[in-house]
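To start, the structure under review is shown below, and the notes come after it.
FYI, it's all coordinate maths here, none of it is from the lab. This one's a predicted model, so the numbers in the text were calculated from it and none came from an experiment. A quick note on method: Cβ atoms are made from the backbone with ideal geometry, for glycine too, and the neighbour counts reach across all protein chains shown.
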Ligand code: HEM
């Protein structure tokens, strides 16, 4: 395991997560008027609804799929009687479906953003960069399905689970679990981690608000006038 590998998979995850958390906090504290999804619905409705729904259903499915799939300890799957190969097959199928929905939605959004002159006029370089980054991460993730299909024993998946679980539990040997992973997986991991790093500097901050909006369900009544 060389120094670059140790850095990218052992240290970089902490840099990305720190910038993600602290950067989000600072942006919320200092730049609240820029904290928004930057909706373009008023400029051009077009096929926004279709693209936006497909993209969000896919990406939110992928987000929770990764969260549960990577961070649930292996003992829990064993206690549930779910073998590694079955879990891998479910992950490939669910990830494939959600990834495909997300890809179609993203291509619709990209096409809309780049071809409609009103939207193109308000699109910043950072917006294009973000969409391109998500697209590349997604394409890499989808192509790992083909590699995984070549070994259905769940071994690679377990290594990826160990890597992420050792990262979040601050154990220093995390990088060793992905040392032998195919380059495609490593590239996908790097792109995915970097998405957290760039998060606070983009419109992605709206994701915090999207999830936080669930709190409205249990919110107290708003008293508009005393009596
Ligand atoms: C948590 C729940 C979420 C809510 C409620 C939400 C809501 C929204 C809304 C209202 C828009 C603006 C659409 C418009 O132009 O009118 C948007 C755009 C966008 N969202 Fe989300 N979002 C959520 C989660 C996510 C997640 C997890 C991602 C992860 C990458 C994401 C990425 C994006 C991107 C890239 C755009 C811009 C798309 C474009 O170019 O038009 N969102 N979102």
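Which residue pairs have Cβ atoms closer than 6 Å, lie 6 or more positions apart in sequence or on different chains, and pair a first residue in the range 205-224 that is in contact (Cβ under 8 Å) with a residue 24 or more places away in the chain with a second residue that is within 9 Å of the ligand (Cβ to nearest atom)?
206/37
Determine, yes or no, whether residue 136 is within 16 Å of the ligand (Cβ to nearest atom), in a helix (DSSP H, G or I) and either more than 21 Å from residue 37 (Cβ to Cβ) or touching a residue at least 60 places away in the same chain (Cβ under 8 Å) (or both).
The answer is yes for residue 136.
I'd like to verify a number: residues in the range 182-204 that are farther than 27 Å from residue 160 by Cα, within 12 Å of the ligand (Cβ to nearest atom) and in a helix (DSSP H, G or I), how many?
1
Working only within the range 9-34, note down all residues that are closer than 27 Å to residue 113 by Cβ and surrounded by 13 or more Cβ atoms within 10 Å (Cβ to Cβ).
16, 19, 20, 23, 24, 27, 28
Say we look at the range 108-122 and pick out the residues that are surrounded by fewer than 16 Cβ atoms within 10 Å (Cβ to Cβ) and within 11 Å of the ligand (Cβ to nearest atom); which of these is nearest to residue 38 (Cα to Cα)?
122
So, in the range 35-55, of the ones that are surrounded by 15 or more Cβ atoms within 10 Å (Cβ to Cβ) and part of a helix (DSSP H, G or I), which residue ends up nearest to the chain's Cα centre (by Cα)?
Checked the range 35-55; the qualifying residue nearest to the chain's Cα centre (by Cα) is 55.
Just to check your reading of the model, which residue among 79, 91 is away from the ligand (no atom under 11 Å from the Cβ), more than 21 Å from residue 202 (Cβ to Cβ) and surrounded by 14 or more Cβ atoms within 10 Å (Cβ to Cβ)?
Going through 79, 91 in turn, just one is away from the ligand (no atom under 11 Å from the Cβ), more than 21 Å from residue 202 (Cβ to Cβ) and surrounded by 14 or more Cβ atoms within 10 Å (Cβ to Cβ): 91.
Test residue 130 against the stated conditions and say whether it is buried (at least 19 other Cβ atoms within 10 Å of the Cβ), under 20 Å from the mean Cα position of the chain (by Cα) and in a helix (DSSP H, G or I).
Criteria not met by residue 130.
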